[in-house]
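Chemist: Below is a structure I'd like to ask you about.
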């Protein structure tokens, strides 16, 4: 069952879904299928119930954080430089909008065939982080989606009981994001390394100890 | 205020509805003799009967995945020992398998045999300890656990002479194992494996036909087949409900296809079946061990090309899962070409198996919750990661 | 106080009480002299697996428990009545034996009735 | 019969109880302080620095190359390089660590530092009795507390130590041979220079 | 009452002892640990109480589930920030005299998980610790060795005088503040009453390893 046949079957059965095969350059050869959030639940129920696939076992649900990258490209623009029309090369830094991604690894216990990987990503990392929850389709995604909500901040619509699972309820930020800054509880560091070494040196100067 | 989950508050039912009493909300909290570590269940009780049960995790969330993002690939290997701290070698193997799939590394023949031998020894001691803890939860305070730990010590001696540490072996490397079997290890292992059937007979005679055990476990916590599959339950808990899915047979990783071993399945899916499936699985592990110990070939134990330091796999991702003693343990790695993994995810079988805990416990007494939780075999290092 | 027949009983009683209360008194004196009392809000709080306990435990229970306790109480008191009978058993006539038998059978009949009404088993 | 399973269980525990008077393997308790388990060859607890010869400052094999500090997963090693040099295990003048601390209260005894050390300077110890009531002084081991002689290493890990010593001896032989070859070449050059000067003397006379 | 007089009497079968020795002898040989395992070190603690290492020989094999009946808290495993208030509350609820063994690298300093955002860097931030056992996990014999160290410490505790143990001093607190769950971290992040870290950490102060500064 190659990913292409699965993609064509889904397109045949789930009208209007947008699919894209994401190739995986590593020798593991596990390519994945990016699905659009709007049709996610329909695609999921199809994959679970369709006869040749019967992917009834959602083994793993993972959250991945792709922060926005700074792309600086050289752009030739005409600029008036002291009255003369000149072509000037300028480096323009554009900040791409990062996104949060959720990856589902599906197996079939009945047919015993290997992982079919689905990917869904949110629009951006700030406020539009809603994704449809697949817990109604596979109950095994319940705790793992709660963990992604807790550590990455993806809000799953339709999840029966979306609460923080690992951090305490009053915790505010989402610690597994790449830009999470830990609270600076600098304390006694007998063997400090790189940035902790810097903090240790600052604290030594503040304390006036040399 | 560190309140528990606000989801369930005391719900004073109108007394006299059908002469039931009020509901009592109590938390079988993080420090509890029967919760196998720091696991908490907010339980709403009607007298002795369970009305609602909300598990609360996170008391041992040690941020293994965040630390792994700042460690090199080799640096995360000793951390995998601490995931499921009963079975460090199967954790190592799952992680090594994922990295080998990510970077396309081959594993020599002898290393495959050593991996199977250590994995089956780990499975044996994990199931023995579980049955010890399960019967202790039922009230047999200590005796079966003493028997189980006596055998576990023999296996830990084998691990210590092979890898240097009793519980935290840090033994697998990408492309094989770290150090070859010391002289006399195979004979010591064969002697230990030869003594285990006698222990299993003793264990079975001690427990299997015990009326108290049968009364406490038969018909308690019945898990239906469809619900088990949909809830992603894996491992002995799944096979006790009659679903024939074992990653060793389904995925054919390692060289398991060379060994003839059967998969024990239960019919009713209750706690007694989960207990018996584990006993039978221990016997199957012994069969594999005898075969593997008999025809382990000589040869290199690690693929010489793999570098220990500065290991930079090409960008890409890989997911590998194995049949750990507790269930389907998976590692999902995304590499961006640097020496640190971009995303390092562990698929915890214990956490997903706990999805079914509420459905199994509702309607039973508090004492049965303890037994059902014991039969699901969770370990908090893996649940909270 | 000529040696009235009850003197040995009183002496034995006092010795028993002294034997029981003595160590307790010693421990209390020791605690009063050496280890000071340090009560505190967190120490006296209700222990609930490390959490602060919410709600109260004064909850109306299922009546089944109440009946269970009552039946136990009945048979406990019965055992207390059996004690003097058992001690003086050798010197008694047949009539006393029958009277005690009737007493026992009455209670057992009560238990059979309760059992048959399924008081002891509830869903 | 109803209690038959329980009786079989009791029979089993009785057999174990009476058996423990007879057969050795049913009596598994090791009376720890007096009686100790046989030392397992590959056992490992905390790292220590190996030094050859008597003087632990001079004989230390560590050349403070910082590899173990970088590779240590919990980052519990702290090294400060010295400014001057001293001959290392093979005789080549190398730096040595002025400060070499291991915070034993963080170390996870995973022996990755041993695996990546190219100079066999750090090895795993087997001593485990380190319980103390002073965390800051007791559990931060400096170079002096870490340094242990090679004889000790040969005593706790005999096979492994023999292999390491053989490799080191061979390396020392190679360096010595190279040094001798260099010395011969220099001597030959000096002899050649002396011969050419004597030739000139002969020609002048 | 010097030593050889005591040994002479003991030869005759008379045991001469002081009230303090009797008190300490009773305390140290019946240390009941709290049934309180956090992580991997708990498994080594269980192994230490099993047949092969047998902590029962030291009177410490009765693991009481409730803090009311325990007088030794073995903190075995990683204390996470979510678990810290519970650990301190359990310590507060234990009856005096109570001792704490901080077993394993994680309980001492956060150990290998020190860089974690949810890991408390050592339990001695909130409660006083009597014995530290390094190791990850420490061997069962190391736990028994620590138990013997604790017993030696208890043996030397005087009953009166300035340096008598905490539980005999009226002003020494037997309760410590229980941290609250804040928005980003526990507040207070450590208890200054208990946690006095040396500000100058030794490796930065540049003392030469031979000890001279």
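A short reminder: the numbers here are calculations on the coordinates, not readings from a lab. The structure presented is a predicted model; accordingly, all values stated were derived computationally and were not measured. Ideal geometry is used to build each Cβ from the backbone, glycine not excepted, and the neighbour counts take in all protein chains shown.
Chemist: So if I take the centroid of the Cα atoms in the stretch B:203-282 and the same for the stretch B:148-180, what is the distance between those two points in Å?
Modeler: Rounded to whole Å, the Cα centres lie 26 Å apart.
Chemist: With the contact rule set at Cα under 8 Å and sequence spacing of 6 or more, what percent relative contact order holds for chain B? Numbers along the way, then the final one.
Modeler: Numbers: 715 pairs, mean separation 96.8, N = 385.
That works out to 25 percent.
Chemist: A further question follows. Fewest first, what order do C:61, A:46 take by the number of other Cβ atoms within 10 Å? Walk me through the numbers before you get to the answer.
Modeler: On the way: C:61 15, A:46 19.
The fewest-first ordering by Cβ neighbours comes to C:61, A:46.
Chemist: Ranked by Cβ crowding within 10 angstrom, fewest neighbours first, how are B:36, A:31 ordered? Mind dumping the intermediate values first?
Modeler: Values: B:36 23, A:31 16.
Final ranking by Cβ density, sparse to dense: A:31, B:36.
Chemist: Please report how far the C-alpha centroid of the stretch B:328-384 lies from that of the stretch A:1-49, rounded to the nearest whole angstrom.
Modeler: 27 Å
Chemist: Looking at chain D as a GNM with Cα springs under 10 Å, which of D:175, D:114, D:50 has the largest mean-square fluctuation?
Modeler: The residue that fluctuates most here is D:175.
Chemist: Additional query: Taking chain B as a Gaussian network, Cα atoms linked when under 10 Å apart, which of B:184, B:269, B:254 shows the biggest mean-square fluctuation?
Modeler: Of B:184, B:269, B:254, the Gaussian network model singles out B:184 as fluctuating most.
Chemist: Calculate the spin-label point distance for residue C:19 paired with residue B:211, positioning each point 7 Å from the Cα along the beta-carbon direction, and give it in nanometres.
Modeler: The modelled label-to-label distance comes out at 3.9 nm.
Chemist: Which value in nm describes the separation of the simple spin-label points at residue A:50 and residue D:170, placed 7 Å from the Cα toward the beta carbon?
Modeler: Going from the residue A:50 label point to the residue D:170 one covers 6.0 nm.
Chemist: Relative contact order (percent) for chain E, with alpha-carbon contacts under 8 angstrom and 6 or more residues of separation?
Modeler: Values: 329 pairs, mean separation 39.3, N = 213.
Reported relative contact order: 18 percent.
Chemist: Further, regarding this structure: For chain B, with a Gaussian network of springs between Cα atoms less than 10 Å apart, report the residue from B:78, B:297, B:144 with the top mean-square fluctuation.
Modeler: B:297
Chemist: Give me B:253, A:104 ranked fewest to most by other Cβ atoms within 10 Å of their Cβ, as a rough exposure proxy. Before the final figure, lay out each step's value.
Modeler: Numbers: B:253 19, A:104 28.
Result, fewest neighbours first: B:253, A:104.
Chemist: If each DSSP helix of 4+ residues adds -39,500 (n - 2.57) and the sum is divided by the residues in chain B, what number results at 222 nm, nearest 500 deg cm²/dmol? Can you show the working numbers first?
Modeler: Numbers: 15 runs with 172 residues, N = 385.
For chain B, the value works out to -13500 deg cm²/dmol.
Chemist: If you take each beta carbon of peptide E:145-156 and count the beta carbons of other chains within 10 angstrom, what is the mean? Walk me through the numbers before you get to the answer.
Modeler: On the way: counts 6, 5, 2, 4, 4, 2, 0, 0, 1, 0, 0, 0.
If you average over the peptide's residues, the count of other-chain Cβ atoms is 2.
Chemist: Contact order normalised by length for the stretch A:103-196, with contacts defined as Cα pairs under 8 Å and 6 or more residues apart; what percent is it? Provide the component values of the computation, followed by the final result.
Modeler: Working: 93 pairs, mean separation 16.4, N = 94.
Rounded, it is 17 percent for the stretch A:103-196.
Chemist: Distance in nm between label sites at residue D:83 and residue C:103, each 7 Å beyond Cα in the beta-carbon direction?
Modeler: For residue D:83 paired with residue C:103, the spin-label model returns 10.2 nm.
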